[in-house]
Amino acid sequence: MNLPQYFSADAQSRLESLIEKYPTPFLAMDLSVVEKRYVELEHGFPEADIFYAVKANPADEVIELLASKGSSFDIASPQELDKVLAYGVPAERMSYGNTIKKASAIKYFYEQGVRLFATDSEADLQNIAKYAPGSNIYIRVLTDGSEGADWPLSRKFGCNPEMAYELAVLAKELGLNPYGVSFHVGSQQRDIDVWDGAIAKVKVIFERLLEEAGIRLEMINMGGGFPAIYLQKTNEFTTYAEEIKRFLREDFGEDIPRIILEPGRSLVGDAGVIVSEVVLISRKSSTALERWVYTDVGMFNGLIETLGEAIKYPISSSRQGEEEEVILAGPTCDSLDIMYEQFKYKLPLSLEIGDHVFWYSTGAYTTSYSSIEFNGFPPLDYYIL
Ligand SMILES: *Cc1c(COP(=O)(O)O)cnc(C)c1O
């Protein structure tokens, strides 16, 4: 096992001592990688405000690091809000980005000082007007073309541009400040052109609101979608930044609104490696060509994004030598708990029960997605390298 080169120099030896000390499975995070990704993002978009999407990895150490770097935070629940507030981040550096919220939660965010709310429906907007009076709201629009995304966030969130227009007008009538528009092009979006279409759609909403309703929006929240390093190639982040800034200039010229970015995956994904142990290796018949390799990490304790084999993590093992195709599955009594069967991963023929399998780029959507007690397996532990 060799950690990727962008890990800090002593990460390898620190990982080895973690492996000696703690039972698997666990996630190990190199915070220097998070910091590096944050700085790259700042350089790529010097004018933008970064709101870290807490759900990607809510570890205290990650929040503390990003808070100290001056990041803002995209928050989805009162529990996340409490967590980030505990690090002394002022409420002005937070947005309530979930369009699906209880009235009691809106009230709580307002009481804590949050004044920036996402919405995509009239019922939610009415609640914001009632429980967070006078706040800034931004309207999430549906984006099409989330095909290039390995983990789409489409359909469930956002409204069409016509409704976005109407919600902005209504927001003003309700005494709120219609402040901007947001979109999310889908997570791990490999097709940069999707941002072009989304920005063009936003531009039309800006213009219509100004011309027909006298409402001047000030902000575009471009969501997340920037990639982590998985098996399927993506462009370099610098290419994303250059292209997206070009799309913005093409549509808005010199008059570019305030830009908010909400990265999750791209900030924390590459910083993590999951260490797992092989529980069992078997064949389904004496003539079966493929071996099944069952690891102690699976769909329910960290690897849910392998659902539909959507995210393909780079993996390696503690063995070397000739490799063969394997089917990779988790430890629980649920047949959904198969990570990769269609896509053929290869592992050494010499791999044995008790060996380690390493899952790279697993810093995002792993610990936060793991179940509490399915089959008695605990949630995925994590340690800082
Ligand atoms: C999950 C989420 C993000 C983060 O998306 P990534 O693709 O992980 O960067 C950003 N904004 C909102 C509203 C989200 O729900």
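The values are calculated or read from the model by the stated rules, or taken from the named source; none is laboratory data. Only a predicted model underlies this, so the values are computations on that prediction, with no experimental measurement involved. FYI the Cβ positions are ideal-geometry reconstructions off the backbone, even for glycines, and counts take in every protein chain you see. Just the protein is used for accessible areas: all its heavy atoms, side chains included, with ligands, DNA and RNA removed. Shrake-Rupley method; radii C 1.70, N 1.55, O 1.52, S 1.80 Å.
See the values below:
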| read-out | value |
| --- | --- |
| Complete set of residues in region 217-249 that are in a loop (DSSP other than H, G, I, E, B) and either in contact with a Pro (Cβ under 7 Å, 6 or more places away or on another chain) or more than 12 Å from the ligand (Cβ to nearest atom) (or both) | Leu217, Glu218, Gly224, Phe226, Ile229, Tyr230, Leu231, Gln232, Lys233, Thr234, Asn235, Glu236 |
| The one condition in (1) within 16 Å of the ligand (Cβ to nearest atom); (2) open to solvent by 10 Å² or more (accessible area, probe 1.4 Å) that Leu210 fails to fulfil | (1) |
| Criterion violated by Tyr108 - all others in (1) within 15 Å of the ligand (Cβ to nearest atom); (2) in contact with a Pro (Cβ under 7 Å, 6 or more places away or on another chain); (3) open to solvent by 30 Å² or more (accessible area, probe 1.4 Å) satisfied | (1) |
| Residue satisfying condition, being at pLDDT 95 or above, open to solvent by less than 30 Å² (accessible area, probe 1.4 Å), under 23 Å from Ala164 (Cβ atoms) and more than 13 Å from the ligand (Cβ to nearest atom), within set Phe183, Phe252 | Phe252 |
| Of residues in region 116-127 being touching a residue at least 24 places away in the same chain (Cβ under 8 Å) and within 16 Å of the ligand (Cβ to nearest atom), the one most open to solvent (accessible area, probe 1.4 Å) | Ser121 |
| Members of region 19-31 found to be more than 26 Å from the chain's Cα centre (by Cα) and not charged (D, E, K, R), listed by number | Ile19, Tyr22, Pro23 |
| Any hit, region 89-99, residues being open to solvent by less than 40 Å² (accessible area, probe 1.4 Å), aromatic (Phe, Trp, Tyr) and in contact with an Asp or Glu (Cβ under 7 Å, 6 or more places away or on another chain) | no |
| One residue from Asp191, Asp196 being buried (at least 16 other Cβ atoms within 10 Å of the Cβ) and assigned to a helix (DSSP H, G or I) | Asp196 |
